[in-house]
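All of the numbers you see were taken from the coordinates with simple rules; none came from a lab. Quantities reported herein were computed from a predicted structural model and do not represent experimental measurements. Neighbour counts run over all protein chains shown; Cβ positions are idealised from the backbone, glycine included.
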Amino acid sequence: MNTRLARRDKALRELPLYFMLIPAVFLVAVYSYGSMLGVVIAFEKFVPARGFFGKQQWVGFLNFKTLFSMPNIWQIIRNTVVLALSKMIGHIVVPVVFALLLNEVRNNATKRIFQTLVYLPNFLSWIILAGILIEILSPSEGFVNILLSKIGIKPIFFLGNAKVFPATMVVTDIWKGFGFGTIIYLAALTSIDPGLYESAMIDGANRWQQTWHITLTGISSTIVLMTVLSLANILNGGFDQIYNMYSPVVYSTGDILDTFVYRLGIEQAQYSLSTAAGLFKSAVSMIFIVASYYLADKYAGYRVF
């Protein structure tokens, strides 16, 4: 009886929290799950004039066959994977290195200043940053190319050269987002027992040996967790960033699945093909999400439930 009353009292105390969840659940149900009804378009010859619930011609997997027979589809998939993997590696290595360097700063005020400065770009949208970067990276009047010309290097067309464009996207994306990862790793560093460093110093370990054997070992589980969870983004090349900064000149190396789907669906009104491409991306991403959570549970002890 006491257990039953305790559970009832707990449920009554938590009832306001459940009410607070209702708007979020509603939004997720409408925009995340309700929109999944549109997946059926990938298997139809969709004609907008007939309406979504109108009688459409069922074509099965014909749209997928058409999609994968397009001459540039595999190049687009390759671009997506290369950009996504490069960004994933950068978003792991750069925050870890910067967190280690920032952890060595003894002045708390200086540390907070640097931490704030690297975190600020994370709050800016790619629409704002794209406008800034287009001006900064301009081959004629951009600040970067002016500096390069001062040291005798010819101007580089960062956003108009197909060979340079992918690297530009990777570097700018890491610059925008590594501040968030730095905070995560700084938080992980605080959990390391200071006594381990004192013991290592007594044993004669230098600063590099302490970093390698204590610091990196102490945050290794966090690094593994962040790595495996990022696998779900294997086909997320970054639509906001690339759409606001690319052009037809760099399609050969800069066009990704998201921008390809946008052009097919919005610009060319090929709704069935664009839905098929989006469904393909979602299916592959789902596989990697399941794999990432399995690996996170196995190697980092992270579980959703």
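Brief remarks on what is shown
- Potential extension, Tyr31-Ile128 segment - 0.36 nm per residue separation minus Cα distance: 32.4 nm
- Binned Cα-Cα distance frequencies in the stretch 39-153 - 10 Å width, integer %: 10, 17, 24, 21, 15, 10, 3
- Other residues within the sphere of radius under 13 Å centred on the Cβ of Ala167, judged by their own Cβ, net out at +1 (K and R +1, D and E -1).
- Counted by Cβ distance under 13 Å from Tyr119, the other residues give a net charge of +3, where Lys and Arg count +1 and Asp and Glu count -1.
- Semi-axis lengths, Å, the stretch 206-305, gyration tensor of Cα atoms, sqrt of 5 times eigenvalues: 37, 19, 8
- Modelled spin labels at Ser220 and Thr3, positioned 7 Å past Cα toward Cβ, are 4.2 nm from each other.
- Note on the stretch 2-43: along the principal axes its Cα atoms extend 56, 18, 6 Å, ordered by decreasing extent.
- Highest to lowest packing among 214-223, 145-154, 282-291, scored as the average C-beta count within 10 Å: 214-223, 282-291, 145-154
- Each of the GluC sites (Glu not before Pro) that DSSP puts in a loop and that has at most 13 other Cβ atoms within 10 Å breaks the chain; the longest unbroken stretch is 142-305.
- Applying 1/(1 + (r/R0)^6) with r as the Cβ-Cβ distance of Asn244 and Ala11 and R0 = 35 angstrom yields a FRET efficiency of 0.15.
- The stretch between Ile183 and Phe53, if pulled fully straight at 0.36 nm per residue, gains 42.0 nm over its current Cα-Cα span.
- For the stretch 64-300: relative contact order, % (alpha-carbon pairs under 8 angstrom, 6 or more apart): 30 percent
- For the chain, the membrane-span-like helix rule (DSSP H, alpha carbon extent of at least 30 Å along the helix axis, mean Kyte-Doolittle at least 1.0) picks out 73-103, 165-189; this says nothing about an actual membrane.
- Simple spin-label estimate for Leu229 and Lys154 in nanometres, 7 Å along Cα-Cβ: 4.6 nm
- The stretch between Tyr18 and Asn107, if pulled fully straight at 0.36 nm per residue, gains 27.7 nm over its current Cα-Cα span.
- Pairwise inverse Cα distances across the chain, averaged and inverted, put the Kirkwood hydrodynamic radius at 23.4 Å.
- Modelled spin-label separation between Ile146 and Thr211, with each label point placed 7 Å from Cα along the Cα-to-Cβ direction: 3.5 nm.
- Label-reachable residues, the stretch 94-134, where backbone N falls under 19 Å from a point 7 Å from Tyr197's Cα toward its Cβ: 96-115
- Here the peptides 254-262, 175-183 are ranked by packing, the mean other Cβ count within 10 Å, and the order with the highest first is 254-262, 175-183.
- Normalised contact order of the stretch 160-301, rounded percent, pairs of Cα under 8 Å and 6 or more residues apart: 33 percent
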